[in-house]
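Comments concern the structure below.
The values are calculated or read from the model by the stated rules, or taken from the named source; none is laboratory data. Computed from a predicted model, the values in this text were never measured in an experiment. All Cβ positions, glycine included, derive from the backbone under ideal geometry; neighbour counts span all protein chains shown. All accessible areas refer to the heavy atoms of the entire protein, side chains included, with ligands and DNA or RNA removed. Shrake-Rupley method; radii C 1.70, N 1.55, O 1.52, S 1.80 Å.
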Amino acid sequence: MKKYLADLIPDEEIAKWQAGQNILITAPTGSGKSSFILQKLLPIAAAQGKHVLYFCNRKILEEQLVATAPAKLQEFFGDCNGVSEDIMPFLHVATYQYCEAKHCPPELLLKTISEEVSIEPQDILYYVFDECHYFLSDALFNSATNFWTDKFSNKAVDTIRHGKRINVFLTATPEPFEFFFAAFYSSWKMDEQLFTVFKLHRERAILRRELEKNQKIREVGVYLEAKRPASTSTKQTITKREITEQCREIDPYGEALETLQSARAALEFERYPQIVMPNNFSQFVPLYFRSYSEIFEQIQVSSTDEKWLIFVDEERDGIALTAQLNQLTIDTVLLSRTTVGKTKNGRDTFEEITNTGHYSCRVLIATELLDCGVSVVDSAVKHVVISQSRKNTFLQMLGRRRTREGDIVRLYLPCYSPKKIYGKMRQLDFKLQAIAHFALLNETNLVPKRAPTKNSDGKREQPTLSRQQKAQAIQEIFKSQNTALTYLIPLKSGNRNSFEAEQYTQGKGNILEEFSYSKTAFVALLYELSEYSDAVEIYRTTQDPCFYLKRQLSWINKTYDETCWLSYKASRKALLAYLAQEKGNWMTNERQKEFSYQCIELLFNFPVAPQCLLKDKSRFKNPTKPLYAGLNRLNKALAEVNAPYKIIAKQKYMPERMTCWCVIESN
């Protein structure tokens, strides 16, 4: 029997919660979080004449505070049957974005929102922060999340006038929120870590320049020695891979992550429920693909009664796929930050989903816009595609499809290559460097300039960054892809002196000093980098090309199965058909080569080629002189793909005596 939050957190436990405590509730989607608020917290608060202030990231609120009328509450909490209308006025709903836009602390929100009804902070018993991973998961495209970096500590609240409060945090994916809380509500020193990141990056850059310089010198030496007699020994040049390995030993983020993890482990939360609520993904059947062309084919052959929900990592992928499908008259709508605001199709579809949990089109393609606060309950949605490598976002996207008993949903996952994951890590690295440099624009260090004396230590202040580094830092941080890495400081931009005001009015825009780096983006980048780094360590050890796919499957309690590739059946069918055609035919030396080349081509057509062939992939694929696979290697490859055939060798007269091959069925 399924357990819900209201069953696992009894009233006696809630009664123990004290003012000033932080309560963290971790529960999967569909675990009755809304019912817990309506049936547990709200009646307890109302009985004391107190209120519940509920915050969420729902896009349907359009960044506005919502009235507590039952009809409105039903939009957010579903069926409110069983909840007395008398206690509804004690529940208030707001979005995170509303507080950010108004620069209004949570405890003052209800006091300032209405002139008619003023609710004092001490009259609010519970502050409920739903989907609290928002503070970090949205940080890379919403710098306003910095508003929350000092809003949850009772030290930041005037407790003499307002009293201490009970913060209740709800999420299905607590890791990002724990990173956020450790960074801003512990002894972790962000400024120190920023300087460490900058310093180690500089050390790594210097090392790389030295190694590359030595590489060029050695290459010249090797070239000159090649002109000398053969008896003269040549020097071994360092390879690019060796340079990368040596530079990797300097990790700019190791200390920051280690200290942040320690701060996270020391967090003092009251955690509920005490019995862990496992995610149930049994109704999702995973399938794997390499390119959207495979998904395109699957949509075409699937039943027209079955709908598709496709989450794309980048908007451009969604635009291309939407155009292709609509060209074939397959009704497709793209939901992204661009289309929802600017196209009627986007607006209407978004409104339909948020109001009903259904959508009319056959294929709905969405970006991260739909990954939070929206539930799709349409049982016709039989296919879900998630092209997302970040764990938290992946699980939030999967949670949008709410399943009922009897539902079976096909879940399509891309296989991210090592190159793709390394590329994502480089992007994070560039952004972290940009933040570190911008944060240190006006910083100085004490640098030894002369020998110390009795009256002086010989040190002088010197800017941390050179003029060139400062110019480059400003240029990098304000690139279009880095817009969320900075934000305007409201107090500074609203209080310019006469000289600054004149500069601003002359069309020069905001003044540099009015910008701050995004602290939440810095922590979010560290969190994502740690996730990818853990995965890459596994790849370096195993060299498994499916390392990241297997990691994603572990998130949903599934194991890898090679037969789940969309292209597996076709690849296997082609190989077996060829082997059946050759069965029983004795092959001469020349014929063996043709057979070997054809087998290798068919084996590399598998979604994942046999491991015994991968180390020589480039040699097998050489168009001018491809590597020839012998009998033993071919048999190993056939065994890896579970082919019911093997190759034997025997001396035959053809008409001369020679070793011939023959394909036979394996036992």
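See the values below:
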item: Spans of strands (runs of 3 or more DSSP E) in segment 268-373 with at least 3 residues of a type outside the set (Ser, Thr, Tyr) and touching a strand residue (DSSP E or B) at 6+ places or on another chain (Cβ under 8 Å); result: 284-289, 307-311, 332-335, 363-366
item: Residues being within 20 Å of residue 439 (Cα to Cα) and crowded, with 24+ Cβ neighbours inside 10 Å - total across segment 174-192; result: 2
item: Verdict on residue 376 being within 30 Å of residue 571 (Cα to Cα) and in contact with a strand residue (DSSP E or B) (Cβ under 6 Å, 6 or more places away or on another chain); result: no
item: Residue match in segment 198-213 (condition: surrounded by 10 or more Cβ atoms within 10 Å (Cβ to Cβ), modelled with pLDDT of 70 or more and more than 38 Å from the chain's Cα centre (by Cα)); result: no
item: Residue within segment 584-593 that is farther than 30 Å from residue 395 by Cβ, touching a helix residue (DSSP H, G or I) at 6+ places or on another chain (Cβ under 8 Å), open to solvent by less than 50 Å² (accessible area, probe 1.4 Å) and of a type in the set (Ser, Thr, Tyr) present; result: no
item: Which numbered condition residue 144 misses (of (1) closer than 24 Å to residue 45 by Cβ; (2) assigned to a helix (DSSP H, G or I); (3) of a type outside the set (Asp, Glu); (4) modelled with pLDDT under 95); result: (1)
item: Criterion: among the hydrophobic types (A, V, I, L, M, F, W, C) and either closer than 24 Å to residue 30 by Cβ or open to solvent by less than 10 Å² (accessible area, probe 1.4 Å) (or both) - qualifying residue of 328, 309, 334; result: 309
item: Meets criteria (in contact with a helix residue (DSSP H, G or I) (Cβ under 7 Å, 6 or more places away or on another chain), over 30 Å from residue 8 (Cβ atoms) and at pLDDT 75 or above) for residue 267; result: no
item: Residue match in segment 346-354 (condition: small (Gly, Ala, Ser), crowded, with 18+ Cβ neighbours inside 10 Å, within 25 Å of residue 420 (Cα to Cα) and modelled with pLDDT under 95); result: no
item: Which listed residue, of 102, 33, 111, 72, is closer than 26 Å to residue 490 by Cβ, modelled with pLDDT under 85 and open to solvent by 10 Å² or more (accessible area, probe 1.4 Å); result: 111
item: Wholly enclosed helices (runs of 4 or more DSSP H) of segment 532-640 bearing at least 1 residues free of Cβ contacts under 8 Å to residues at least 40 places away in the same chain, within 23 Å of the chain's Cα centre (by Cα) and closer than 28 Å to residue 385 by Cα; result: 547-555
item: First in segment 160-179 and more than 15 Å from residue 26 (Cβ to Cβ), second anywhere and at pLDDT below 95 and in a helix (DSSP H, G or I), Cβ under 7 Å, 6 or more apart; result: 162/107; 162/121; 162/122; 163/121; 163/122; 165/107
